[in-house]
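Written out below as structure tokens is the structure these notes cover.
Read the figures in this text as sums done on the coordinates, not as results from a lab. Please read all numbers here as calculations on a predicted model, not as lab measurements. For neighbour counting, all protein chains shown are included, and Cβ atoms are generated from backbone atoms with ideal geometry for every residue, glycine included.
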Amino acid sequence: MAKKPNKPIIELKDVWKIYQMGEVKVVALSGLDLAVSKGEFVSIMGPSGSGKSTAMNMIGCLDIPTKGTIFLDGKDISQMNESDLAQIRGQKIGFIFQQFNLIPTLTALENIMLPMIFQGMPRDERMAKAKKLLKMVELDERMDHKPNELSGGQQQRVAIARSLSNDPEVILADEPTGNLDSKTGNTVMDFLKKLHKEEGKTIVMVTHDEDVAKNADRIEYLKDGKIVKVLKSGR
Amino acid sequence: MISDYISLSVRSLLKRRLRTYLTMIGIFIGIAAVVSLIGLGEGLRVAITSQFGFLGTDVLSVQAANINFAGAPGQGAPNPLQEDLVDKINKINNVDRAFGRYIGSATIEFRDKQKIEFIVSIPGGEDRRIFERMMNLKTQDGRLLTDQDTRGALLGSNYHTGTTYGATFDRPINAGDKVLINDKQFTVVGILENKGSFIFDDAIMMNNDVMITEGIKADDGTVNIIGVKVKDVDQIEQTRLDIEKLLRKERDVKEGEEDFTVQTPQQALESLNSTLFAVQLFVTIIAVISLVVGGIGIMNTMYTAVLERTKEIGIMKSIGARNSTIFTLFFIESGMMGMIGGLIGIGLGMSFAYGLSYIAGLALGSDLIRASISIWLVLGALAFSFFFGTIFGVLPAIRASKLNPVDSLRGAK
């Protein structure tokens with residue numbers, strides 16, 4: 001069958017997430033197993049309520065599982081405290097959100113520099129890097145614009161540039177085209193594919209749009225908190 | 001790194017400019033009150049201290065208890081000191097010399113411009129020299145008074161150079177000038193050297209008997225103050241007690257119910273200072289209360305900011321901000337509100353205090369109301385306001401830092 005993949009950069013083993021909502025227990029993940037190798041582009045698809053977002057939060061170190069283990073780059077993050085998780089998020093993960101999630105008071109350039117500030121990068125260095133990243137997403141002309149002065153597609157490109165600012169191991173994209181029309185959505189997807197192909201970035205993307213999901217090497221279908229089907233893309 | 005955080009915090013504050021200013025009003029009113037009132041109080045204290053500073057340590061003053069707060073010392077006493085007390089005090093052991101003095105007020109007119117001022121008497125005869133030495137009287141222009149000067153007056157230095165002339169008369173008064181005192185013509189025989197005290201520098205001095213004959217002091221056998229010079233300074237407390245005992249007997253009052261005071265200048269100063277301190281303390285307490293209210297305003301604003309920016313906090317956490325980073329950002333924000341509020345407050349307080357003392361100087365021709373704002377008061381007020389801003393910012397900042405990244409990204413409150 002398929003060749004043995006490289007050592008996985010992300011590995012979820014029997015991950016459970018149970019939320020206590022008052023009296024009711026809500027099982028969001030029920031024994032999720034997932035492995036993503038370095039340099040892979042994986043889509044996670046599933047209907048709403050299937051646990052996509054929870055899975056995303058686990059991989060992104062935004063939350064820790066109730067049960068099970070998560071390895072990121074060989075490190076078990078399932079028992080870490082919030083401060084260490086924040087550190088790992090800052091260094092190893094780049095987020096791209098459906099709603100772009102730029103800081104409204106900061107310019108495009110400053111938004112890209114923000115994760116580098118949190119990592120304590122010197123000013124000159126982060127300035128140069130942010131400019132380079134803006135150039136890569138072809139927005140160097142819009143450097144000093146605030147998010148509300150940019151179109152949706154432009155904001156998402158700034159967000160992509162931001163996600164790359166600390167050279168993360170993994171880029172996590174949560175419905176990256178969900179708020180965009182199909183044309184701008186395609187442009188954004190082109191940037192992601194370029195990152196994957198040219199820069200060799202590992203990308204995990206959550207989406208409910210099959211056409212978007214097909215851009216990935218592999219599509220994992222999630223239902224009721226676990227993977228039910230794996231599909232190789234036709235590429 | 002911290003400068004980056006400061007700039008981020010400033011951005012957030014400027015984004016909500018109106019709310020930031022409104023919140024800071026609470027702080028700057030409190031700080032302005034502290035700075036101006038303590039500054040003026042301190043100025044008053046310095047002024048009063050300097051008035052007393054020239055007096056020797058070997059002098060006691062005896063006064064009847066006053067009923068009015070304003071006016072010259074010894075005036076308006078319901079039971080004034082009788083003149084014969086002077087001789088009786090003179091007989092007390094360790095008393096070198098005691099003499100009665102008159103203090104009154106009169107209109108002084110020069111070139112059609114008038115002003116009301118204190119008039120103090122200078123004793124005649126052989127007491128004159130002792131008094132002059134005791135008070136270290138010297139003239140910068142003209143000469144001192146003699147027993148023959150029935151129409152002569154000695155003026156303080158301000159009539160010649162200082163604030164009184166500047167605010168009232170159109171030219172300096174010199175020795176030899178004629179002035180009208182209570183509409184009667186006097187010749188200015190001399191101008192005293194500057195002493196840095198309004199008691200001397202604004203004073204009009206004339207001979208004891210002239211004050212009586214010219215009707216400035218009623219001829220009723222009473223004196224306003226008895227000045228006592230002691231021989232041995234080490235015995236001054238005993239002498240004070242002896243004088244008190246004599247006065248109790250003469251005035252027929254019991255111990256503890258004295259309607260007079262016998263004080264050294266230092267004691268008089270201390271009692272004034274303690275009153276002033278109480279006033280300053282009271283004012284400070286009120287100002288601190290207003291600062292607490294201002295601080296609660298900051299707290300309220302910061303809690304609102306945490307709610308409003310829940311999502312922003314979530315975003316920052318997702319891109320690598322730790323709890324401590326979020327705490328620092330919010331903490332700096334509230335501290336800045338405190339400190340900027342403090343800076344504005346200090347500016348307002350200083351302009352109020354200096355403005356008031358300037359206006360008082362123009363209106364009253366006196367430098368008694370003046371502001372004395374030390375660098376320590378300014379630094380203290382600044383530290384205090386920053387402290388208040390941060391203290392009241394701690395809880396909201398903790399709340400912000402503890403937000404769960406997943407919930408806050410969803411914008412859940």
#### Entry: Lys/Arg +1, Asp/Glu -1 at C-beta; the protein assembly as shown dipole; positive extreme among B:L144, B:M336, B:F260
B:M336
### Query
Along the positive direction of the dipole of chain B (beta-carbon charges: Lys, Arg +1; Asp, Glu -1; about the Cα centre), which of B:Q235, B:I375, B:I103 reaches farthest?
B:I375
### Euclidean distance between Cα centres, the range A:46-99 to the range B:370-393, Å
46 Å
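Fewest to most neighbouring Cβ within 10 Å: what's the order for B:L18, B:L379, A:L62?
On the way: B:L18 7, B:L379 11, A:L62 26.
Taking fewest neighbouring Cβ atoms as first place, the list is B:L18, B:L379, A:L62.
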### Query
Along the Cα-to-Cβ line of B:I285, 7 Å from the Cα, sits a label point; which residues in the range B:2-45 have backbone N less than 20 Å from it?
B:30-42
### Query
Among B:G256, B:G345, B:G176, which one shows the biggest mean-square fluctuation in a GNM of chain B, springs joining Cα atoms closer than 10 Å?
B:G256
### Task
May I have the pair-distance distribution P(r) for the range A:84-148, computed from all Cα-Cα distances with 10 Å bins from 0 and rounded to whole percent?
21, 52, 26, 1
### Message
If I build a Gaussian network model for chain B, linking alpha-carbon pairs within less than 10 angstrom, which residue out of B:V35, B:V293, B:V378 has the largest mean-square fluctuation?
### Response
B:V293
### Task
Would you mind giving the three semi-axes, in whole Å and largest first, of the ellipsoid equivalent to the range B:57-260 according to its Cα gyration tensor?
32, 18, 15
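Dipole size in debye (nearest 20) for the protein assembly as shown around its Cα centre, Lys and Arg Cβ +1, Asp and Glu Cβ -1?
On the way: 75 positive and 75 negative charges, 834 e Å.
For the protein assembly as shown, the charge dipole is close to 4000 debye.
Which order do peptides B:123-131, B:349-357 fall in by mean Cβ count within 10 Å, highest first? Before the final figure, lay out the partial values.
Working: B:123-131: 15.7, B:349-357: 19.2.
Ranking, from highest mean packing down: B:349-357, B:123-131.
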### Message
My understanding is that a pair violates if its Cα-Cα distance is over 30 Å; which of A:K75/B:K15; A:K194/A:K232; A:K17/A:K135; B:K91/B:K184 do that in this structure?
### Response
A:K75/B:K15; A:K17/A:K135; B:K91/B:K184
## Note on the structure
Calc'd 3J(HN,Hα), the range B:369-377, phi into Karplus 6.51 cos²θ - 1.76 cosθ + 1.60 (θ = phi - 60°), Hz, glycine/Pro = x, comes to 8, 9, 8, 10, 10, 7, 4, 5, 5
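I want the local charge near A:S53. Using Cβ-Cβ distances under 11 Å, sum +1 for each Lys or Arg and -1 for each Asp or Glu among the other residues.
Details: positive: A:K17, A:K52, B:R410; negative: A:D63, A:D174, A:E175.
Net charge in that neighbourhood comes out at 0.
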#### Entry: Space enclosed by the convex hull of the alpha-carbon atoms of the range B:228-381, per residue, Å³
223 Å³
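Using a Förster distance of 25 angstrom, determine the FRET efficiency expected from the C-beta separation of A:K38 and A:Q79, and round it to 0.05.
Working: r = 23 Å, r/R0 = 0.94.
E(calc), rounded to 0.05, equals 0.60.
Tally Lys/Arg at +1 and Asp/Glu at -1 over every other residue whose Cβ is under 10 Å from the Cβ of B:M211; what's the total?
Once positives and negatives cancel, what remains is -1.
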## Note on the structure
Straight-line reach check, A:K132, cutoff 17 Å on alpha carbons, 8 or more apart in-chain or any other chain, hits among aspartates and glutamates -> A:E110, A:D124, A:D140, A:E141, A:D144, A:D167, A:E198, A:E199
### Query
To the nearest 20 debye, what charge dipole does the range B:57-260 have about its Cα centre, counting +1 at the Cβ of each Lys and Arg and -1 at the Cβ of each Asp and Glu?
400 debye
### Message
Give the average over all directions of the projected area of the C-alpha convex hull of the protein assembly as shown, one decimal, in nm².
### Response
43.2 nm²
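Could you tell me how many cubic angstrom of Cα convex hull volume chain B has per residue?
So the per-residue Cα hull volume is 182 Å³.
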#### Entry: Dipole of the protein assembly as shown [Lys/Arg +1, Asp/Glu -1 at C-beta], most positive-end residue of A:P65, B:G30, B:P396
A:P65
### Magnitude of the charge dipole, chain B, Cβ model with Lys/Arg +1 and Asp/Glu -1, debye to 20
2860 debye
